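Below is one structure, written out as structure tokens; comments come after it.
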Amino acid sequence: MIMSASGCLQPSAPGAANGRCEPLADVDLRPGFVTFAKLRSFRNKPKLVNAIGFHHRNLAAGHVFLICFENQSSVFKKKQFDHFDGDVKAMKEATIAFAAILAGTTWFASQTIAQNDALTSELSTQEKMVHRRAVETAVWAMPLTNAIAMRDGFAEVGCNYNVVCYFSKIQDYRAAVTTPNDTTPYVMAFWNIADGPVMIEVPPTEGDLGLWGTLMDIWQRPLADVGAKGRDKGAGASYLIVPEGYDGETFGADYVLPQTTLNGYTLLRPIIPDASPSSLAAAEEFTKKLKIFDPEQPAQTQYLDVQGMDIDGVVEFDRSLFVLIDEFVQSENLEERDAVALGMLRRLGIEKGREFTPTERELEILDHAANEAKVFLQEAYFDNHSEKQEMGNGWTVLTPATSYETTFSWLLDSGAIALDDRGSSFFAFYTSAEEFNLTAPPTMYLLTSRDADDERLDGGTTYSLVVPPDVPVSQFWSVLVYDFEDATFLDGLEKYGVASTEELEVNEDGSVRVVFGPELPDGVSQSNYVPTATGGGWFPYFRFYGPGEALFSGDYQLPKIEKLIE
């Protein structure tokens, strides 16, 4: 960056902040703990990010903004950021200025870590306990904060309770949710049964057109798989979601599903032959046959096309995470199984019927603890501390056995809850399934996060993955890349992977070389190239649709991802 003589910050690269210079006169840059914020490239909206192991956000221009918050007098909620437009005076209760524009600065990362280490070293015994319990409850709460973040993000664009929200085209980076695919448009709906049951009517499959997915509570525990691969097997059915202990009218529902929590949601996928305009149009028309309503006061279902909308549906690992947890505690049914975690939350000032009013010092501790929890979750998931099944050469299955062996309740035979497995999994993905196994699943996802040199995959480096011939699939395969920081599509990019349904360049032996990197190398076909963004990490999901026996027997294995030497 370049600091001008007038005390302004001047962008150090073309396109950064549109070349504007913002005054720094009101900013106190004294040493100590600093809260950082990021701007997503698709909207002018600051977002708090992790400070431990700081990894700047992959913006379209390859830059990130460090924003200093001072004189904070309240917990920062997402709604306070909605109208930030680059004017340093637009943010209430804070003095904000653009203090740096970075492009992969390792110095900044080390300084940030040092500042946070300094904070923890000076904590009192009681403050250390706040920090410890904040880390633990952040991990405990991942399934519900993941789901609440999506619910709130979709609600911000008009997708409220009992509204069918769908993508008329394949979702892109503007829909910020964890590890989406780019082959099938998503359909989502959220509900709340505080005032009574909710009816969901899934239409029957028509030829090769249908829906499938899972109805879940806010902990993302499955209530039922529905649609072509669910309970109704494509015949269509009505599902009545009721509170536990409900003994009222069932309104002729085919299935009555007790739900422990008040909130729930579903992710459904249209079954279509391809992503052609005609197939997407057919999927949109068919989706409008899905219905969700209050059976006591039936009304026409509302439908909302959210294609192209900016949806902020991911958890931010800062103080706002605990705002989400407090929202849950105050408004939801609490379960005896979570009594210990709820007890730990009391130490943070979060308890049902009690106002959450942390001090400024406590907010700093919560920021730090949330960041530490994030680093732990990343390591647990990507370094396979959850003992996901190994599939050869550093590739593992998507989720640990503690998920599908417990039907995603995560409650083990020993009576323990697999907290770390659950938390790290819902850092990287959302949704669950009533029926899932590694014997004959309809799809199989594999992941890795390191190259052949056992180094994290970096957006500024070019890599090659040679997919061996005869991929064991009855349908197709695809490989997609995601941001290591929050498991979303990389911001600002228009392509996220490749699939065997595309016209890929195939080697003489039938293998396919897929190249990942910030720029298309000479001699590489555009069809086989997946862009990444300099300055951040990434990881791939390799999806097998209709996986064959050779994958499970180990006869077919993906190789390691190699650095490409040009």
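The values are calculated or read from the model by the stated rules, or taken from the named source; none is laboratory data. In this text, all values refer to a predicted model and were calculated from it rather than measured experimentally. No Cβ is skipped: glycine too gets one built from the backbone with ideal geometry, and neighbour counts run over all protein chains shown. The area values use the complete protein model at the heavy-atom level, side chains included, leaving out ligands, DNA and RNA. Shrake-Rupley method; radii C 1.70, N 1.55, O 1.52, S 1.80 Å.
Using the alpha-carbon positions of the stretch 223-379, Rg (one decimal) and Dmax (whole number) come out as 20.8, 57 Å.
Averaged over its residues, the stretch 214-346 has an accessible area of 40 Å² per residue, based on protein heavy atoms and a 1.4 Å probe. With N counted as the residues of the stretch 410-560, its alpha-carbon radius of gyration over 2.2 N^0.38 Å works out to 1.13.
Checking a compactness column here: for the stretch 474-514, what do you get for Rg(Cα) / (2.2 N^0.38 Å), N being the number of residues? Show your work: numbers first, answer last.
On the way: Rg = 12.8 Å, N = 41, 2.2 N^0.38 = 9.0 Å.
Against the compact-globule rule of thumb, the ratio is 1.42.
In the stretch 400-515, the portion of solvent-accessible area held by carbon and sulfur atoms comes to 46 percent [1.4 Å probe, whole percent, DNA, RNA and ligands not counted]. Loop-located trypsin sites (Lys or Arg not before Pro) across the stretch 334-399 with a Cβ neighbour count of 14 or fewer within 10 Å are Lys352, Arg354, with loop assigned by DSSP. With every protein chain in place and a 1.4 angstrom probe, the accessible-area ranking of Ser414, Ser500, Ser279, largest first, reads Ser414, Ser500, Ser279.
Thr443 to Asn333: FRET efficiency via 1/(1 + (r/R0)^6), r the Cβ-Cβ distance, R0 30 Å, to the nearest 0.05? That gives a FRET efficiency of 0.40.
With a cut-off of at most 14 other beta carbons within 10 Å, and DSSP calling the residue loop, which chymotrypsin sites (Phe, Trp or Tyr not before Pro) in the stretch 203-304 qualify? Please list them.
On the way: sites: Trp212, Trp219, Tyr239, Tyr246, Phe251, Tyr255, Tyr265, Phe286, Phe293, Tyr303; in loops: Trp219, Tyr246, Phe251.
The qualifying sites are Phe251.
Shape summary of the stretch 152-260, radius of gyration then Dmax from alpha carbon positions: 14.8, 44 Å.
Under 1.5 on a/c is rounded, so check that first for the stretch 165-213, then, if it is not, pick prolate when a/b is larger than b/c and oblate when it is not; a ≥ b ≥ c are the square roots of the alpha carbon gyration tensor eigenvalues. Please report the intermediate quantities before stating the final value.
On the way: a/c = 3.14, a/b = 1.25, b/c = 2.52.
The shape class here is oblate.
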